[in-house]
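What follows is one structure encoded as structure tokens, with my remarks underneath.
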Amino acid sequence: MKLNLLKYKRVFWLSLFSSAILVSPVSSLAVTVQKVPNPRQQNGGWVSDMAGILSNQTEAQINQMISQLEAKNGTEMAVVTVPETAPASSPKKFATELFNDWGIGKKGQDNGVLFLISVGDRRVEIETGYGVEEILPDAKVGNIIDTQIIPRFKQGDFEGGTLAGTKALVIVLEGDKSSSSGQKVTT
């Protein structure tokens, strides 16, 4: 009888320990705004790929596009991927907090854009500063998400969607009038 009790005790503790191991990876996906490395401070770039969905080549392409945009008219844009936005109450709140924490855009011009991809939340958020809202209003942002990003993401092409979304945003922010007609941007 004592042997059976010992056996059940061992099984209980093993089960409890196994459950703790299974739950802990979920909590390790939790990212706070303060944990997201600012690429401007890290390496002078514009991309922070915490979700690991972008190749070095794609990151380099995105960095080049945004650097050219910034050189042309001073607009700053950060592209950030995260596994998920918990413990923030929503991906939108996370994006707003990150945008404000990093201070994306030139001081006094408020000409920054944050392109956030939360893989676990299955969400894309594009946060804009007041200085670019006129040329990049919510309707245009929604159109870019719906036509350039989401279709590729649905096919599992995160790199293609991120690249196409960045390219579409850069075209609008550069002031290319042909982009306002809703034309597809190909990569």
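The values are calculated or read from the model by the stated rules, or taken from the named source; none is laboratory data. Quick caveat: nothing in here was measured; it's all calculated off a predicted structure. Cβ atoms come from the backbone with ideal geometry, glycine included; neighbour counts cover every protein chain shown. When the accessible area is computed, the model is the full protein with side chains, heavy atoms only, and any ligands, DNA or RNA have been set aside. Shrake-Rupley method; radii C 1.70, N 1.55, O 1.52, S 1.80 Å.
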Inset, instruction - Using a 1.4 Å probe and counting only protein heavy atoms, arrange Glu125, Glu133 so the residue with the most accessible area comes first. - result: Glu133, Glu125
Inset, instruction - Could you count how many Lys pairs in the range 34-145 have their Cα atoms under 25 Å apart, skipping same-chain pairs fewer than 8 positions apart? - result: 15
Inset, instruction - With N set to the residue count of the range 27-123, report its C-alpha Rg divided by 2.2 N^0.38 Å to two decimal places. - result: 1.05
Inset, instruction - Whenever you get a sec, compute what percent of the accessible area on the range 69-127 sits on carbon and sulfur atoms (1.4 Å probe). - result: 45 percent
Inset, instruction - For the range 89-131, list log₁₀ I(q)/I(0) at each q in 0.27 Å⁻¹, using the Debye formula over Cα point scatterers of equal strength and ignoring solvent, two decimals each. - result: -0.89
Inset, instruction - May I ask you to derive the relative contact order of the range 79-162, considering only C-alpha pairs under 8 Å and at least 6 residues apart, and to give it as an integer percent? - result: 24 percent
Legend entry - Distance (nanometres) between label positions extended 7 Å along Cα→Cβ at Gln34 and Lys93: 1.7 nm
Inset, instruction - Give me the distance in nm between label points sitting 7 Å out from Cα along the Cα-to-Cβ direction at Lys72 and Gln41, one decimal. - result: 2.9 nm
Inset, instruction - With an 8 Å cut-off on Cα pairs and a minimum separation of 6 or more residues, tell me the relative contact order of the range 91-130 in percent. - result: 40 percent
Inset, instruction - At 7 Å along the Cα-to-beta-carbon direction for both Glu134 and Lys107, put a label point, then send me their distance in nm to one decimal. - result: 2.4 nm
